[in-house]
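The values are calculated or read from the model by the stated rules, or taken from the named source; none is laboratory data. Everything quoted here is computed from the prediction, not taken from an experiment. Using ideal geometry, Cβ is built from the backbone for each residue, glycine included, and neighbour counts are taken over all protein chains shown.
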Amino acid sequence: MAGIEIDRVGKVYADGTRAVCDLTIDVMDGEFLVLVGPSGCGKTTALRMVAGLEEISEGEVRIGGEVVNRVPARDRDVAMVFQSYALYPHLTVFDNIAFGLSLRKVPKATIQRSVAEVAEVLELTEHLHRKPRNLSGGQRQRVAMGRAIVRQPRAFLMDEPLSNLDAKLRVQMRAQIARIQRDLGVTTVYVTHDQTEAMTLGDRVAVMRGGVLLQIASPQELYDRPRNMLVAGFIGSPAMNMVGAELALDGEDASVTFGGHRLAVPASVLHRRPALRGYDGRRLAVGIRPEDMEDAEVAGPVVPGGDTLSSVADLVEAMGADVMVHFPIDAEAVRTEDIESLERDAGGVGHPGRGTVLVGRFSPRTRIFEGQPTTVRVDVENLHFFDLETGTSIW
Ligand code: ATP
């Protein structure tokens, strides 16, 4: 086993496309690191450079302390699991799993034993004689995993290994991958565009955008302390609501106002985010997570200074465990999605525009109907604040 150091790595493709920019990540020995970001953010390119499938234009990749820039993929002692599984169709499950070992001229008896062990773990024992075409998607995925595990590599590199599976199977396999990685303790770099997958699997999660690393942190840290609006908007589902607002300080108390609404900013928040004091009388972006809202009828005691928003629900989606309530408010929307100038920066800039629809994730006990005036209570302890010019979190 070994740690992986990605040290100021960049990638420029032959056609001039810059896919990865100055990427530095230290993956610790035994760590499960997830690279996540929207399509085209450079995560696959980054992984392929670690695997040796793509030439490294700038910087260094080290595996177990050894610089591997010029080491061919087959000599890096890492196992890759692809979205497509890349199984050999003419070989049985047994031979697919055994393939890497056979190539290395491992003795037959050892191969037999290793494959049997791995098949047991992955519940493939009864399928060992079958060909990939006679397997379900989930079984094929497990064969691909088996092929990686059996080699006992220094690291697993996985590129969207679950994206061809249906939702239910994906959740099952996700748990299985987490368990296997924990049991084997093999350093793993896992690429996905799915933030739920990233958050559930990663010891740490690296969020990329436009070839740039925006933030690397534990899932909880990313959720609680996103570095900027892009990370805040990407982590969490539904996405964090963002509105343009004005901050006013009054001694130890503070409040934000937007479009006739007012929310208290508790002293504890000011204490946690001392830089907020510099925004007195200024505009900033306020972030409210959907799960930090509740129907005022159901929710607990009122915070003095205002913790409610009144509106008319225009869409109510009952989802069983939650109810998603959409309610338009007259406030300045802040959209991070449209920000082109940001694609190459690690910051964020708000785009003002009037009128925004907030989404609240309410408890299923909520009795809210479309077209009905609604009062929503906001957990003001958990408000987020961002600079409108740079998009960075205000701490
Ligand atoms: P996806 O999730 O869609 O696979 P990604 O985040 O993994 O996206 P990459 O596949 O790494 O992103 O691509 C990053 C950028 O590099 C994209 O703009 C892509 O179009 C570009 N790119 C990828 N491969 C090549 C190539 N062989 N030649 C030129 N540009 C490429």
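Run down 87, 101, 35, 47 and say which single residue is part of a loop (DSSP other than H, G, I, E, B), of a type outside the set (Asp, Glu) and either in the same structural domain as residue 180 (by TED's automatic domain parsing) or within 21 Å of residue 159 (Cβ to Cβ) (or both).
87
Go through (1) within 16 Å of the ligand (Cβ to nearest atom); (2) among the aromatic types (Phe, Trp, Tyr); (3) more than 25 Å from residue 182 (Cβ to Cβ) one by one and return the number of the condition residue 82 breaks.
Going through the list (1) within 16 Å of the ligand (Cβ to nearest atom); (2) among the aromatic types (Phe, Trp, Tyr); (3) more than 25 Å from residue 182 (Cβ to Cβ), residue 82 breaks only (3).
Which numbered condition trips up residue 356, out of (1) within 22 Å of residue 221 (Cα to Cα); (2) modelled with pLDDT under 90; (3) of a type in the set (S, T, N, Q)?
The single condition residue 356 does not satisfy is (1).
Just to be sure, is residue 153 within 30 Å of residue 106 (Cα to Cα), assigned to a loop (DSSP other than H, G, I, E, B) and within 16 Å of the ligand (Cβ to nearest atom)? So that I can check it myself, show each step before the final result.
Working: within 30 Å of residue 106 (Cα to Cα): yes; assigned to a loop (DSSP other than H, G, I, E, B): yes; within 16 Å of the ligand (Cβ to nearest atom): no.
No: the conditions fail for residue 153.
Show me the strands (runs of 3 or more DSSP E) found entirely inside the stretch 163-223 where at least 3 residues are in contact (Cβ under 8 Å) with a residue 12 or more places away in the chain and under 9 Å from the mean Cα position of the chain (by Cα).
In the stretch 163-223, the matching strands (runs of 3 or more DSSP E) lie at 204-209.
Take residue 221 and tell me if it is more than 19 Å from residue 390 (Cα to Cα) and touching a helix residue (DSSP H, G or I) at 6+ places or on another chain (Cβ under 6 Å).
No, not satisfied.
Pick out the one residue from 6, 25 that is farther than 21 Å from residue 232 by Cα, more than 9 Å from the ligand (Cβ to nearest atom) and among the β-branched types (Val, Ile, Thr).
The match here is 6.
From the list 256, 191, 212, 205, pick out the single residue that is among the hydrophobic types (A, V, I, L, M, F, W, C) and touching a Cys at 6+ places or on another chain (Cβ under 7 Å).
Criteria check complete, one pass: 212.
Which residue is surrounded by the most Cβ atoms within 10 Å (Cβ to Cβ), if the candidates are limited to the stretch 50-66 and must be away from the ligand (no atom under 16 Å from the Cβ) and assigned to a strand (DSSP E or B)?
63
Consider residue 105 against the criteria (1) away from the ligand (no atom under 16 Å from the Cβ); (2) under 22 Å from residue 134 (Cβ atoms): it satisfies all of them except one. Which criterion is unmet?
So residue 105 meets the others, but not (2).
Testing residue 125 on (1) surrounded by 17 or more Cβ atoms within 10 Å (Cβ to Cβ); (2) more than 19 Å from residue 170 (Cβ to Cβ), one condition comes back false. Which one is that?
Failing condition for residue 125: (1).
What single numbered condition from (1) out of contact with any strand residue (DSSP E or B) (no Cβ under 6 Å at 6 or more places or on another chain); (2) assigned to a strand (DSSP E or B) fails to hold for residue 271?
Answer for residue 271: the failing condition is (2).
This table checks each residue for (1) over 30 Å from residue 378 (Cβ atoms); (2) at pLDDT 95 or above; (3) within 16 Å of the ligand (Cβ to nearest atom); (4) surrounded by fewer than 21 Cβ atoms within 10 Å (Cβ to Cβ).
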residue	(1), (2), (3), (4)
189	yes, yes, yes, no
214	no, yes, yes, no
224	no, yes, no, yes
251	no, no, no, yes
255	no, yes, no, yes
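Assuming residue 237 fulfils every condition listed in (1) at pLDDT 95 or above; (2) not assigned by TED's automatic domain parsing to the domain that holds residue 92 apart from one, which condition is it?
Going through the list (1) at pLDDT 95 or above; (2) not assigned by TED's automatic domain parsing to the domain that holds residue 92, residue 237 breaks only (1).
Sort out which residues of the stretch 239-249 are surrounded by 19 or more Cβ atoms within 10 Å (Cβ to Cβ) and in a loop (DSSP other than H, G, I, E, B), and write them in order of number. Before you say what the answer is, go through the steps one by one.
First, the residues of the stretch 239-249 that are surrounded by 19 or more Cβ atoms within 10 Å (Cβ to Cβ): 240-245, 247.
Residue satisfying the conditions is 240 alone.
Condition (residue is hydrophobic (A, V, I, L, M, F, W, C) and in contact with a strand residue (DSSP E or B) (Cβ under 7 Å, 6 or more places away or on another chain)) applied to the stretch 157-176: is it met by at least one residue?
Yes.
Name every residue in the stretch 67-83 that is surrounded by fewer than 13 Cβ atoms within 10 Å (Cβ to Cβ) and either acidic (Asp, Glu) or touching a residue at least 24 places away in the same chain (Cβ under 8 Å) (or both), in order of residue number.
Scanning the stretch 67-83 gives a single hit, 75.
Conditions first: (1) surrounded by fewer than 20 Cβ atoms within 10 Å (Cβ to Cβ); (2) at pLDDT below 90; (3) among the hydroxyl-bearing types (Ser, Thr, Tyr). Residue 374 passes all but one, so which condition is the exception?
Only one criterion is unmet by residue 374, namely (1).
Report the residue count in the stretch 28-49 for those that are within 12 Å of the ligand (Cβ to nearest atom) and out of contact with any helix residue (DSSP H, G or I) (no Cβ under 6 Å at 6 or more places or on another chain).
So the answer is 12.
Could we say that residue 92 is β-branched (Val, Ile, Thr), away from the ligand (no atom under 12 Å from the Cβ) and surrounded by fewer than 19 Cβ atoms within 10 Å (Cβ to Cβ) here? Show your work before the answer.
Values: β-branched (Val, Ile, Thr): yes; away from the ligand (no atom under 12 Å from the Cβ): yes; surrounded by fewer than 19 Cβ atoms within 10 Å (Cβ to Cβ): yes.
So residue 92 passes the test.
Out of (1) over 30 Å from residue 117 (Cα atoms); (2) out of contact with any helix residue (DSSP H, G or I) (no Cβ under 8 Å at 6 or more places or on another chain), the odd one out for residue 171 is which?
Against the list (1) over 30 Å from residue 117 (Cα atoms); (2) out of contact with any helix residue (DSSP H, G or I) (no Cβ under 8 Å at 6 or more places or on another chain), residue 171 comes up short only on (1).
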